[in-house]
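Chemist: Encoded as structure tokens, here's the structure I'll be asking about.
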Amino acid sequence: MTDHIPVVETDRLRLRAPHLDDLPTLTGFYGSERSHWVGGPLDARAAHRSMLSVIGSWALRGYGLWYVADKDSDGFLGWAGIIFAPGWHEPELGWTVMEEAEGKGIAFEAVSTARNYAARHLGQDGVISYIDPENTRSAALASRLGATLEREDTFLDHPVHIYRHPKEAA
């Protein structure tokens, strides 16, 4: 069922489809306050639906989020890729890494790889990222990726900063 999701590898990471083995880590993340940047906390059923929606996005739109895994162990480290759901202004480049993956360059590696692949192969170039004004780590990553603050707005009833990523496919 997930054969349509491309696998993209870097030196350290594998961007891949969700695996059922990822669910305990995903459920733990969504059960924590850490998940408030991405709509959490959520209960176990909602975390499971989140995983299913990742697969569904790829099936219905031809793009979506990849689950980011350690290339050697295949351990789940987070996600990165393109999100576009009702209420979105346009497709978004989104990301999250688990706490144990922070501060190691994993988010930068995963997001830059996802952004490049999406631009070159999925028709998603020059996308935006919605970032909560208080999420300084994501804002710093967006800036490090070359994205610029385009505007402040309200998104799903919350204030956001909208960052525009540079075009890559040109």
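The values are calculated or read from the model by the stated rules, or taken from the named source; none is laboratory data. Just so it is clear, the structure is predicted and the values come from calculations on it, not from any experiment. Cβ: placed from backbone, ideal geometry, glycine included. Neighbour counts: every protein chain shown.
Chemist: Please verify whether segment 81-92 includes one or more residues that are small (Gly, Ala, Ser) and either under 19 Å from ARG34 (Cα atoms) or at pLDDT 95 or above (or both). Working first, answer last.
Modeler: First, the residues of segment 81-92 that are small (Gly, Ala, Ser): 81, 85, 87.
Still in the list and also either under 19 Å from ARG34 (Cα atoms) or at pLDDT 95 or above (or both): 81.
Yes, there is a match, as at least one residue in segment 81-92 is small (Gly, Ala, Ser) and either under 19 Å from ARG34 (Cα atoms) or at pLDDT 95 or above (or both).
Chemist: Looking at ARG34, ARG45, ARG49, which is the one that is in contact (Cβ under 8 Å) with a residue 60 or more places away in the chain and over 24 Å from GLU168 (Cα atoms)?
Modeler: Going through ARG34, ARG45, ARG49 in turn, just one is in contact (Cβ under 8 Å) with a residue 60 or more places away in the chain and over 24 Å from GLU168 (Cα atoms): ARG34.
Chemist: Follow-up. Looking at this structure, is THR10 among the polar types (S, T, N, Q), more than 28 Å from PHE155 (Cα to Cα), surrounded by fewer than 16 Cβ atoms within 10 Å (Cβ to Cβ) and modelled with pLDDT of 95 or more?
Modeler: yes
Chemist: Which of the residues that make up segment 107-137 are surrounded by fewer than 22 Cβ atoms within 10 Å (Cβ to Cβ) and in a helix (DSSP H, G or I)?
Modeler: The answer is PHE108, GLU109, SER112, THR113, ASN116, TYR117, ALA119, ARG120, HIS121, THR136, ARG137.
Chemist: In segment 11-31, how many are closer than 15 Å to VAL97 by Cβ and not basic (Lys, Arg)?
Modeler: 8
Chemist: So, one more: Would segment 58-70 turn up any residue that is in a helix (DSSP H, G or I), in contact (Cβ under 8 Å) with a residue 12 or more places away in the chain, closer than 24 Å to ARG120 by Cβ and under 16 Å from the mean Cα position of the chain (by Cα)?
Modeler: In the first step, residues of segment 58-70 are kept if they are in a helix (DSSP H, G or I); the result is 58-61.
Narrowing further to those that are in contact (Cβ under 8 Å) with a residue 12 or more places away in the chain: 58-59, 61.
Going one step further and asking which of them are closer than 24 Å to ARG120 by Cβ, we end up with 58-59, 61.
Going one step further and asking which of them are under 16 Å from the mean Cα position of the chain (by Cα), we end up with 58, 61.
Yes, segment 58-70 has at least one match.
Okay, residues lined up against (1) under 19 Å from GLY94 (Cα atoms); (2) hydrophobic (A, V, I, L, M, F, W, C); (3) part of a strand (DSSP E or B):
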site: ARG14; (1), (2), (3): yes, no, yes
site: PRO18; (1), (2), (3): yes, no, no
site: LEU26; (1), (2), (3): yes, yes, no
site: SER35; (1), (2), (3): yes, no, no
site: ALA47; (1), (2), (3): yes, yes, no
site: SER50; (1), (2), (3): yes, no, no
site: SER53; (1), (2), (3): yes, no, no
